[in-house]
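The values are calculated or read from the model by the stated rules, or taken from the named source; none is laboratory data. Because the structure is predicted, anything quoted here is derived from the model rather than measured. Note: ideal-geometry Cβ built from the backbone for every residue, glycine included; neighbour counts use all protein chains shown.
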Amino acid sequence: MFVSRRHLGLAAFLVAAFLVVPSGTHATERTGGGITLPGPTTSPKIGKILTLARQELSRNVVERRGNNIPRYRDGKGKIAPYSIANQWCAAFSTWIWNHAGFKAYLGTSILWRSYDGTRVGVQVKDLTNWATKNAYFSYRAKPGYLVAYGTSHIGIVEKIDRTSGQAVGSIEGNIGNRVSRVTVPMDRVTGYISPVRLTPIQLDKSAAYADMAVPPAALERAEASGFSPQP
C-alpha cells in the first residue's frame, strides 16, 4: 500500500507534534548489555548513510504543486535523483542506502526505477516483510537503520533518545512534501531495518534490549538464548 493522503496527514501531524529532535550526547538508561549491532561505530560505511541523508536534507528538497516529484528548491527546478513521481519516503531511504553501498534491499519484491535510474524500494510493508524473513529486522535502533512506523512510512534513523522522550530522530522523505527531520515516539515504531544481515545472537540481543514492542515469540527466543528482556 502506498502512502495515502490520510497517512500523509498523520505524518505531518507527527512533524508538528514531535519536531524537537534529540541532540547532543544521549544518556542511555539501558546500555544494551554489551550488545554489538552493526552501526557507524563498527562500520564507516554505515556512517556514510547519515552523511548522504544529511546532504539531501541540506539541499532543501521540496515538492511543487503537490505532484509528489521532489525538487531542489535552490537548484532551478532540478528533479531530485530519488524521485519516482509518486509517494517517495521508501524511495528516498533506499536510494540513500544504495548510494552508501548497501544494496541487499534489492531482494525485496517491489522495486521501481528512480529518476537517476537507481532501483529503489517503494513500499514500507514490502521492505519490512523482507527484513523480517531475511534477518535484517532489528528491535533496537542504530543510526543508519531504517525506522518504520505503521505500514506506510519509513525514514533513516539519525539519533536515539532512550531516556527523556523515548524517541527516535530520523531523516525522511515525503514529510510535509519535503525531506525533513522527524522525531518518532518509540511507541509508534513498528520496526527497524539494518543495512546488513544480523546474526542470530544479534537478533536475540536486539529483542532483549528493544526500542519498540516485541512479540512474545521473539522474547522467548531471546530468553532461550540467555538474554533477560529489559523493562
Residue within region 153-167 that is touching a His at 6+ places or on another chain (Cβ under 7 Å) and of a type in the set (A, V, I, L, M, F, W, C) present: yes
Find all pairs meeting these conditions: Cβ atoms under 7 angstrom apart; at least six residues apart or on different chains; first residue within region 185-205 and under 11 Å from V168 (Cα atoms); second residue part of a loop (DSSP other than H, G, I, E, B) and among the aliphatic types (A, V, I, L, M). M186/M212; V189/M212; Y192/A141
Which one of these does A213 not meet: (1) more than 26 Å from W88 (Cβ to Cβ); (2) in contact (Cβ under 8 Å) with a residue 60 or more places away in the chain? (2)
Looking only at region 124-133, decide whether some residue is modelled with pLDDT of 95 or more, touching a Pro at 6+ places or on another chain (Cβ under 8 Å) and either crowded, with 17+ Cβ neighbours inside 10 Å or under 25 Å from M186 (Cβ atoms) (or both). no
Cβ-Cβ under 9 Å, sequence separation 6+ or interchain: first residue in region 59-82 and closer than 21 Å to R113 by Cα and among the polar types (S, T, N, Q), partner modelled with pLDDT of 85 or more and assigned to a loop (DSSP other than H, G, I, E, B). Which pairs? N67/A85; N68/S83; N68/I84; N68/A85; N68/N86; N68/Q87; N68/W88; N68/N177
Would it be correct to say that R140 is charged (D, E, K, R), within 22 Å of K48 (Cβ to Cβ), surrounded by fewer than 21 Cβ atoms within 10 Å (Cβ to Cβ) and in contact with a helix residue (DSSP H, G or I) (Cβ under 8 Å, 6 or more places away or on another chain)? no
Those residues of region 178-194 that are closer than 14 Å to A148 by Cβ and in contact with a Gly (Cβ under 7 Å, 6 or more places away or on another chain) come to a total of 2
Tally, over region 160-176, of residues that are buried (at least 18 other Cβ atoms within 10 Å of the Cβ) and either more than 13 Å from A53 (Cα to Cα) or under 10 Å from the mean Cα position of the chain (by Cα) (or both): 11
Filter region 75-115 for residues that are in contact with a strand residue (DSSP E or B) (Cβ under 9 Å, 6 or more places away or on another chain), among the charged types (D, E, K, R) and part of a loop (DSSP other than H, G, I, E, B) and give the result. K78, K103
Determine whether G9 is farther than 27 Å from A135 by Cβ, at pLDDT below 85, assigned to a loop (DSSP other than H, G, I, E, B) and out of contact with any helix residue (DSSP H, G or I) (no Cβ under 7 Å at 6 or more places or on another chain). no
Of all residues in region 185-200 being out of contact with any helix residue (DSSP H, G or I) (no Cβ under 8 Å at 6 or more places or on another chain) and among the aliphatic types (A, V, I, L, M), the one that is farthest from I96 (Cα to Cα): M186
Can you name every residue in region 81-122 that is of a type in the set (A, V, I, L, M, F, W, C) and farther than 23 Å from S194 by Cβ? I84, A85
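Condition check ((1) within 25 Å of F102 (Cα to Cα); (2) part of a helix (DSSP H, G or I)) across all residues:
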position	(1), (2)
R140	yes, no
V147	yes, no
E158	yes, no
G169	yes, no
T183	yes, no
Q202	yes, yes
A207	yes, yes
G226	no, no
Taking region 31-82 and the residues there that are on the phi > 0 side of the Ramachandran plot and surrounded by fewer than 15 Cβ atoms within 10 Å (Cβ to Cβ), the one that is modelled with the lowest pLDDT would be G33
Starting from region 124-135, take each residue that is more than 15 Å from I110 (Cα to Cα) and list its partners that are aliphatic (A, V, I, L, M) and surrounded by 15 or more Cβ atoms within 10 Å (Cβ to Cβ), counting only C-beta distances under 6 angstrom and pairs at least six apart or across chains. A135/L198
